Amino acid sequence: MLLFGLLLSVFSGGSVPASASLDCLLAEQGCMQELSCTGVYRLLEYCAAEEAVAPLSSDARLECLEAQNALQHYRPLQVCKCQRGSRREEHCLKVYWTVRFAAYDEYEVSPYEELKLNLVRNIEMSRMASIMAASSLSLDGQNQCLKAAQDCGLYEKCGSLRSEYVVACTKRATATDNSCNRQKCHKALRRFLERVPEEYSFALLFCPCSDMLCGERRRKTIVPSCSYEENSRGEDRVGKPNCLNLQNYCSRDELCRSRFADFQQNCQPSSVSASGCVRESRAMCLKAYTGLIGTIMTPNYVSNSSTEVSQWCTCEGSGNDWQGCQRILHMFSSNMCLRDAISSMGISAPPPVELTPVPVSQPSPRVYQERVPVSVNTLPDFNSMEDSEEEEQEEEASEEFNVIPPYSEKDSNTESGARGSQRGKASQAVLALPLLLLPTLILGRECWNH
């Protein structure tokens, strides 16, 4: 209903309240219907395109700023947001940043539409409940990252998209070059994280580890040799880039810039919050963190033996901007909200299973004997792992994956027929007994008379 109301408001020319969330693509369409808005907006598009190539002259920049101020009266473009992972996300983000031409340092406001915090908390609780209900019982000492990879492989969508990004990130760009195509790798990683439910992707990224082998698998999940590490040049390996240069490259890309702003907003630490986050949602922080994977600023674990994460960059050669460079690193390495969010993934079972098909256990031999097809969309009830044998038999007889009916008319008729035949034989035996005794009684009577 909210979306329908917003659509009516846009197409009827009404104003949109500041608290509402309007898609920037709809706001752009509304602007194109007004001549006064169209001309100013086209000028800002030109300014943004030129600024992305080279810094504008002072006169040109002044003209662009005047155009930006003139567009302030068109409210829909000022309050619009974008939906992450949507089909036209990049176009939407382009609109969002076009009307914020001069705000290249505006990283603390996310361009993505927000969910209400109480709704997010309800989603978190339901997902955690679904984890406990649908995940198999984990064993002590088991490699949780290996288990997460196996679970992903059992779910067709997760397995295929994971194989897709692994191929894209490990394939050589050319036959004579050991480097990969990072652009294709990033695109495949984003596709995986946007289309696979968090119960599987989070399990792979944040699986708890107690040994180096598990930690290595976790760190290599996103193929660091291609997704963020610098490629080799001959026999020499290129060192880490400067963090300020990395952020500067990110600011010229609408997608990276948006994901970085979303990360800063949702992973802002707080020393007075129980969750360690200003926004009181660790799940939103993890989602914003994973949003950076597949961009220029792809983060990852710093080692196989730690849950500490960081950017692949250094502050060497930062000069007078050394503090600003350290600030970028501390967003990841010293972020209380992000650290607690990652650690919380290891407290309970691995990630959630939303309403997605999960491979079922093998049916009982009874199913094979009767050759009844088993639906892959049905799940056994794992709410209690310590049921008695009687409860298990009763559940098997009553449910059996909703395949075998609890009552069989054929079996009932057979059993009733068997019981009827037994009663008939018993009655015949009772009638035959007096007939056998009758001659004996007659003979005894004749002897008594003599």
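The values are calculated or read from the model by the stated rules, or taken from the named source; none is laboratory data. Quick caveat: nothing in here was measured; it's all calculated off a predicted structure. Cβ sites come from the backbone with ideal geometry, for glycine too, and all protein chains shown count toward neighbours. For accessibility, only protein heavy atoms count, side chains too; no ligands or nucleic acids. Shrake-Rupley method; radii C 1.70, N 1.55, O 1.52, S 1.80 Å.
Listed values, structure above:
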read-out	value
Mean accessible surface per residue for the range 146-261, computed with a 1.4 Å probe while every protein chain stays in place, in Å²	51
For Y112, residues with placed amide H under 5 Å, excluding near neighbours	C82
Charge dipole magnitude, Cβ of K and R +1, D and E -1 - the range 24-99, Cα centre, debye nearest 20	420
Most positive-pole-ward Cα, L26, L44, S86, against dipole of the range 24-99 from beta carbon charges	S86
Inter-site label distance for A173 and N69 at 7 Å from Cα along Cβ, in nm	4.4
Rounded FRET efficiency, nearest 0.05, which uses the C-beta distance separating H330 from N245 and R0 of 22 Å	0.80
Percentage relative contact order, the range 24-99, counting C-alpha pairs under 8 Å, at least six apart	46
Protection-proxy order for peptides 247-256, 65-74, each taking the mean of Cβ atoms within 10 Å per residue, highest first	247-256, 65-74
Residue-normalised accessible area of the range 24-99, given per residue in Å² at a 1.4 Å probe	52
Along principal axes, Cα extents of the range 171-210, largest first, whole Å	38, 28, 10
Carbon and sulfur %, accessible surface of the range 261-342 computed with the full protein complex present, 1.4 Å	47
Gain upon complete extension [K184, E90; 0.36 nm per residue less C-alpha separation]	32.2 nm
Computed accessible area, R75, all protein chains, 1.4 angstrom probe, square angstrom	100
Solvent-accessible surface ranking, highest first, for V167, V109, V272 at 1.4 angstrom	V272, V167, V109
